[in-house]
Amino acid sequence: MEFIIKISQFLLSLSLLIVLHELGHFIPAKLFKTKVEKFYLFFDVKFSLFKKKIGDTVYGIGWLPLGGYVKIAGMIDESMDKEQMAQPPQPWEFRSKPAWQRLIIMLGGVTVNFILAYVIYVAISFAYGDSDVKVDSLKDGYWIDNPALLDFGFKTGDKVLAVNDVPVVNDSDIGFNLISAETITISREGEKKVIDLPEDFLGQYSSSKSKRNFEYRIPFMVGEVADTSLNAKKDLKQGDIIKSINGKELKYFDQLNSVTEGLKDTTVSVEVLREDNSIVNKELNLNSEGKFGIRPYNNPSRFEELGYYDIFRKEYTFGESFAAGGRKFTKTITNYFDQLKAIFSPSTGAYKGLGGFKAIYDQFSPVWSWPYFWGLTAFLSIMLAILNLLPIPALDGGHVMFLLYEMISGRKPSEKFLERAQIVGFFILIALVLFANGNDVFKAVTN
């Protein structure tokens, strides 16, 4: 079920972004009376899953989910239609249009992606508002079990005070500032301490087997009991919280291994807190690995009620949501540029964290959450727009680069040059795609 939920979100988000991006090219092309021969979701290598011709355009769905495209007549693109380009230019072709019209057509896709992201952030702000955990409410600090973070000197119980000397107020401040982090100031057992991060911090962190960051210290709340679990028939309910084991307090889930140490293949007495705040005692079994066979559950509202942390909440009126959405929009763009800067700086090692389609798939939640889905879709829309603006031939940014040269110099690059540039750009893109998805495969094999 988890796979179905995640793959459904992945395909829905990807399809929405691709269709709207290509629509951004399609609409201005039509407005400028430029013939669009194909409009495709996914690539139709050799065959299509669906296609239908309406007017001059064939609309279809390909079988290879690596993107989509519109084929505009008279344009040197990935189709490399040399036969068409060898014919005399026609008034309905892309190459016959003024440079400013061609520029608008090429910028249409990324423009739609930026607009889409902003609209989503506005809608999220209005519909759901903002919520965040106040870091000073985490009385016993964070749970640290990522080997990379442990190697850098962090420990469970650390309270994060500042990143790069910028005070941390909300938990999200840590994630947003981690990309450019050089120092993190913590409080450990009442003592202030500054941890200096190595230059290749991002490389080491992204190469770690664990993807956990600074995690909340929360109780062991029962989610799902596996059918194969020794405790499948022990009347455990979702939302139950295991408070103690054999008389030893279990305040946080991260203490579980230390409390159950030496208790493999045994029956233990546990104290369970129910959702109505009543206490029940049960006998549970630990298997040969010292596990209960129980999947934990996350219920922020309940954890706040029990005093584990305080959640900051803010709602916005319809008018206020435009400014709130704008702040999210600009903050995400700035953060993504910081990521790109780190990736293109070999000394940071951030390129090791570059991922492909599996990395994107992994970002989706195993449970369906519309706020999370739309937030991630907005981020991916910004990512798609920025990557498409890179000045690489075969990307929108490459076409824009040549068009700007033409408009400034008054000289149009030859079609032969553009064809060769397109081939070079295509191979650069293939190399990047292979590297990113190869990273996914490498991580899957080594982790």
Go through region 283-316 and name the GluC sites (Glu not before Pro) that are in a DSSP coil and have 12 or fewer other Cβ atoms within 10 Å of their Cβ. 289
Using the Kirkwood radius over Cα pairs, work out the Stokes-Einstein diffusion coefficient for the chain at 37 °C and 0.692 mPa s, in µm²/s as a whole number. 129
Once you order the gyration tensor axes a ≥ b ≥ c over the Cα atoms, which shape class does region 228-267 get: rounded for a/c under 1.5, otherwise prolate or oblate by comparing a/b with b/c? oblate
In whole Hz and in residue order, list the ³J(HN,Hα) couplings for region 303-315 that follow from phi through the Karplus curve 6.51 cos²θ - 1.76 cosθ + 1.60, θ = phi - 60°; x for Gly and Pro. 5, 5, 4, 7, x, 6, 6, 10, 9, 7, 10, 9, 9
With label points set 7 Å from each Cα along the Cα-to-Cβ direction at residue 337 and residue 12, the distance between them in nm comes to 3.3
Normalised contact order of the chain, rounded percent, pairs of Cα under 8 Å and 6 or more residues apart: 18
Accessible area of the chain divided out per residue, in Å², using a probe of 1.4 angstrom: 53
Under the Karplus relation 6.51 cos²θ - 1.76 cosθ + 1.60, θ = phi - 60°, what is the ordered set of whole-Hz ³J(HN,Hα) values for region 107-117, x standing for Gly and Pro? 7, x, x, 5, 4, 4, 4, 5, 4, 4, 4
From the helices alone, meaning DSSP H stretches of at least four residues, give me the mean residue ellipticity at 222 nm for the chain, per-run term -39500 (n - 2.57), in deg cm²/dmol to the nearest 500. -14000 deg cm²/dmol
Largest to smallest accessible area among 331, 71 [probe 1.4 Å]: 331, 71
In nanometres, the difference between 0.36 nm per residue of separation and the alpha-carbon distance of residue 134 and residue 176 is 13.6 nm
Expressed as a whole number of Å, what is the distance separating the alpha-carbon centroids of region 136-210 and region 59-77? 44
With a Förster distance of 35 angstrom and the Cβ-Cβ distance between residue 313 and residue 232, calculated FRET efficiency to the nearest 0.05 equals 0.40
Can you give the charge dipole size of the chain about its Cα centre, rounded to the nearest 20 debye, using +1 on the beta carbon of Lys and Arg and -1 on the beta carbon of Asp and Glu? 1420
What percent does the relative contact order of region 2-129 come to when contacts are Cα pairs within less than 8 Å and at least six residues apart? 26
Would you look at the GNM of the chain, springs on alpha carbons closer than 10 Å, and say which of 36, 45, 222 moves the most? 45
Name the long-range amide H neighbours of residue 240: under 5 Å, sequence gap of 5 or more, or other chain; modelled H, no Pro or chain starts. 222
Checked against the positive end of the charge dipole of the chain (+1 on Cβ of Lys and Arg, -1 on Cβ of Asp and Glu, about the Cα centre), the farthest of 65, 186, 160 is 65
Report, to the nearest whole %, how much of the accessible area of the chain belongs to carbon and sulfur atoms, 1.4 Å probe, protein only. 60
Give the shape of region 1-132 as rounded, prolate or oblate, defined through the alpha-carbon gyration tensor: a ≥ b ≥ c are the square roots of its eigenvalues, a/c under 1.5 means rounded, and otherwise the shape is prolate if a/b is larger than b/c and oblate if not. oblate
Charge dipole (debye, nearest 20) of region 266-350; +1 at Cβ of Lys and Arg, -1 at Cβ of Asp and Glu: 440
Tell me, what ³J(HN,Hα) does each residue in region 329-340 have, in order and in whole Hz, if you take phi through Karplus 6.51 cos²θ - 1.76 cosθ + 1.60 with θ = phi - 60° and put x for Gly and Pro? 4, 5, 5, 5, 4, 4, 5, 5, 5, 4, 4, 4
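Could you tell me the relative contact order of region 246-334? Use alpha-carbon pairs under 8 Å, at least six residues apart, and round to a whole percent.
18
The values are calculated or read from the model by the stated rules, or taken from the named source; none is laboratory data. All values derive from a computational prediction rather than experimental measurement. All Cβ positions, even for glycine, are placed from backbone atoms using ideal geometry, and neighbour counts span all protein chains on display. Ligands, DNA and RNA are excluded from the accessible area calculation, which covers all protein heavy atoms including side chains. Shrake-Rupley method; radii C 1.70, N 1.55, O 1.52, S 1.80 Å.
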